[in-house]
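Asks: My questions all concern the structure below.
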Amino acid sequence: MNTKPFTSGLGENAVMITRVADRQWHALDDDLVVGRAHAQHRPDGRLFVSIDAWHDVAFDLLAEAMLAELPSPLYTLVDEADVELTAGWRRAGFTIRRREWEYVVPTDPRVTGLGEVQPPPGVTIVPAGQADESLLRAVDRAIRDEVEATVGWQSMPAEVVPRPEGDTIVDPSKYAVAAAPDRYLGLIRVVRVKRPRIGLVAVRAVEQRRGIARALLAHALGTLHHSGAPAAWAEVQESNQAAAALFEGIGARPMSSNLELVR
């Protein structure tokens, strides 16, 4: 445990920055915790940091302590509407790397216009929980390799990150797939925790522009609608115009945005 005093102006006592565990720090003012900082490697190898502090001074001192001990580059995610938090990271030398829009996506086919959408000839939709895991992992690997060869997997939404040995399949039961007789052509992942979230919609490059992505969305959103969920959520990188057009074309609307910052 490392403790370092700083003169903060928060009160009569100096703020103490304490490393309480590996890559974890606390800011103490008269033994009261007024801020916490944490750093963690994402599965893609990047180091992400976060700070939750009561005061700007505590934030700045925690950032100073972290930056003194951690290697660069460092990344963080913030809600763009949180102006104070964004300003704090900018004071620490972070700059905007990219912006993700969070869309609210209606599920009612009368709104989305997907009620009559069918997959193209020779393609069937396999519901979530029924996909063959080996074929699912094969299409996941093929799509990941295609993305890596073009825009790079780090352009994917922040939570769509590769697992150990490049595996991006978190829970096979969450994926519905578009299937040809001998292989899978695309996939969609829907996670239902607090609210339904479309984590990924992807189609192999040679199979794109055939309506497969719309068919996958029609299936997933229709399933959610029948279960009583009026809406789902999805994240789209600002520069991904094709994905934005896909979602906006079915009535989805951007509701908020997240910033990925880097130092």
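Asks: Using the structure shown, decide if Val111 is open to solvent by less than 60 Å² (accessible area, probe 1.4 Å), under 30 Å from Ile250 (Cα atoms) and touching a residue at least 12 places away in the same chain (Cβ under 8 Å). Before you say what the answer is, go through the steps one by one.
Replies: Values: open to solvent by less than 60 Å² (accessible area, probe 1.4 Å): no; under 30 Å from Ile250 (Cα atoms): yes; touching a residue at least 12 places away in the same chain (Cβ under 8 Å): yes.
Considered against the rule, which asks whether it is open to solvent by less than 60 Å² (accessible area, probe 1.4 Å), under 30 Å from Ile250 (Cα atoms) and touching a residue at least 12 places away in the same chain (Cβ under 8 Å), Val111 comes out as no.
Asks: Here is a list: Ile125, Ile96, Ile143. Which entry is in contact with a His (Cβ under 6 Å, 6 or more places away or on another chain), closer than 22 Å to Ala243 by Cβ and either surrounded by fewer than 14 Cβ atoms within 10 Å (Cβ to Cβ) or β-branched (Val, Ile, Thr) (or both)? Before the answer, list the steps.
Replies: Numbers: Ile96 fails: in contact with a His (Cβ under 6 Å, 6 or more places away or on another chain); Ile143 fails: in contact with a His (Cβ under 6 Å, 6 or more places away or on another chain).
Selected residue: Ile125, the only one of Ile125, Ile96, Ile143 that is in contact with a His (Cβ under 6 Å, 6 or more places away or on another chain), closer than 22 Å to Ala243 by Cβ and either surrounded by fewer than 14 Cβ atoms within 10 Å (Cβ to Cβ) or β-branched (Val, Ile, Thr) (or both).
Asks: Is there a residue in the range 46-59 that is modelled with pLDDT under 95, within 23 Å of Asn240 (Cβ to Cβ) and touching a Pro at 6+ places or on another chain (Cβ under 9 Å)?
Replies: Yes - at least one qualifying residue is present in the range 46-59.
Asks: Please work out which residue is nearest to Ser239 (Cα to Cα), limiting yourself to the range 64-83 and to residues that are without any contact (Cβ under 8 Å) to a residue 60 or more places away in the chain and not hydrophobic (A, V, I, L, M, F, W, C). Talk me through it step by step, then tell me what you get.
Replies: Narrowing the range 64-83 to residues without any contact (Cβ under 8 Å) to a residue 60 or more places away in the chain: 64, 66, 68-71, 82-83.
Within this subset, residues satisfying the condition of being not hydrophobic (A, V, I, L, M, F, W, C) are 64, 69, 71, 82.
On the way: Glu64: 32, Glu69: 33, Pro71: 28, Asp82: 22 Å.
The selected residue is Asp82.
Asks: Any residue in the range 62-76 that is open to solvent by less than 70 Å² (accessible area, probe 1.4 Å), modelled with pLDDT of 95 or more and closer than 30 Å to Glu248 by Cα?
Replies: yes
Asks: Which pairs turn up if I take residues in the range 84-103 that are over 15 Å from Glu64 (Cα atoms) and of a type in the set (A, V, I, L, M, F, W, C) and look for partners that are assigned to a strand (DSSP E or B) and open to solvent by 40 Å² or more (accessible area, probe 1.4 Å) with beta carbon separation below 6 Å, at least 6 apart in sequence or on another chain?
Replies: What qualifies is Trp101/Pro254.
Asks: Sticking with this structure for a sec: Can you name the condition, by its number, that Gln24 falls short on among (1) at negative phi; (2) more than 22 Å from the chain's Cα centre (by Cα); (3) modelled with pLDDT under 90?
Replies: Evaluating Gln24 over (1) at negative phi; (2) more than 22 Å from the chain's Cα centre (by Cα); (3) modelled with pLDDT under 90 leaves (3) as the failure.
Asks: Same structure, new question: With respect to Arg195, determine if the residue is in contact with a helix residue (DSSP H, G or I) (Cβ under 9 Å, 6 or more places away or on another chain), charged (D, E, K, R) and modelled with pLDDT of 85 or more. It would help to see each step written out before you state the result.
Replies: Working: in contact with a helix residue (DSSP H, G or I) (Cβ under 9 Å, 6 or more places away or on another chain): no; charged (D, E, K, R): yes; modelled with pLDDT of 85 or more: yes.
No: the conditions fail for Arg195.
Asks: Hey, does the range 231-239 have a residue that's over 24 Å from Ile143 (Cα atoms), in contact (Cβ under 8 Å) with a residue 60 or more places away in the chain and either surrounded by fewer than 21 Cβ atoms within 10 Å (Cβ to Cβ) or acidic (Asp, Glu) (or both)? Break it down into steps so the answer makes sense when it comes.
Replies: Taking the range 231-239 as the starting set, the residues that turn out to be over 24 Å from Ile143 (Cα atoms) are 231.
This time we only want the ones that are in contact (Cβ under 8 Å) with a residue 60 or more places away in the chain, so: 231.
Checking the rest, the ones that are also either surrounded by fewer than 21 Cβ atoms within 10 Å (Cβ to Cβ) or acidic (Asp, Glu) (or both) come to 231.
Taking every residue of the range 231-239 in turn, at least one turns out to be over 24 Å from Ile143 (Cα atoms), in contact (Cβ under 8 Å) with a residue 60 or more places away in the chain and either surrounded by fewer than 21 Cβ atoms within 10 Å (Cβ to Cβ) or acidic (Asp, Glu) (or both).
Asks: Could I ask something else about it? Could you please find all residues in the range 241-263 being crowded, with 18+ Cβ neighbours inside 10 Å and within 16 Å of the chain's Cα centre (by Cα)?
Replies: Within the range 241-263, Ala243, Asn258, Leu259, Glu260, Leu261 meet the criteria.
Asks: Of the residues Ile188, Ile198, Ile212, which single one is crowded, with 20+ Cβ neighbours inside 10 Å, among the β-branched types (Val, Ile, Thr) and free of Cβ contacts under 8 Å to residues at least 40 places away in the same chain? Please lay out each step first, then the result.
Replies: Numbers: Ile198 fails: free of Cβ contacts under 8 Å to residues at least 40 places away in the same chain; Ile212 fails: free of Cβ contacts under 8 Å to residues at least 40 places away in the same chain.
Answer to the selection: Ile188.
Asks: Under 8 Å between Cβ atoms, at least 6 apart or on separate chains: pull out the pairs that start in the range 35-63 with a residue that is without any contact (Cβ under 8 Å) to a residue 24 or more places away in the chain and at negative phi and end on any residue that is open to solvent by 50 Å² or more (accessible area, probe 1.4 Å) and of a type in the set (Gly, Ala, Ser).
Replies: That search, which allows pairs on different chains as well, returns His38/Ser50.
The values are calculated or read from the model by the stated rules, or taken from the named source; none is laboratory data. On a predicted model such as this, the values are computed, not experimentally measured, just so you know. Note that each Cβ is placed from the backbone with ideal geometry, even for glycine, and that neighbours are counted across all protein chains shown. To get the accessible areas, we keep the full protein, side chains included, count just its heavy atoms, and leave off ligands, DNA and RNA. Shrake-Rupley method; radii C 1.70, N 1.55, O 1.52, S 1.80 Å.
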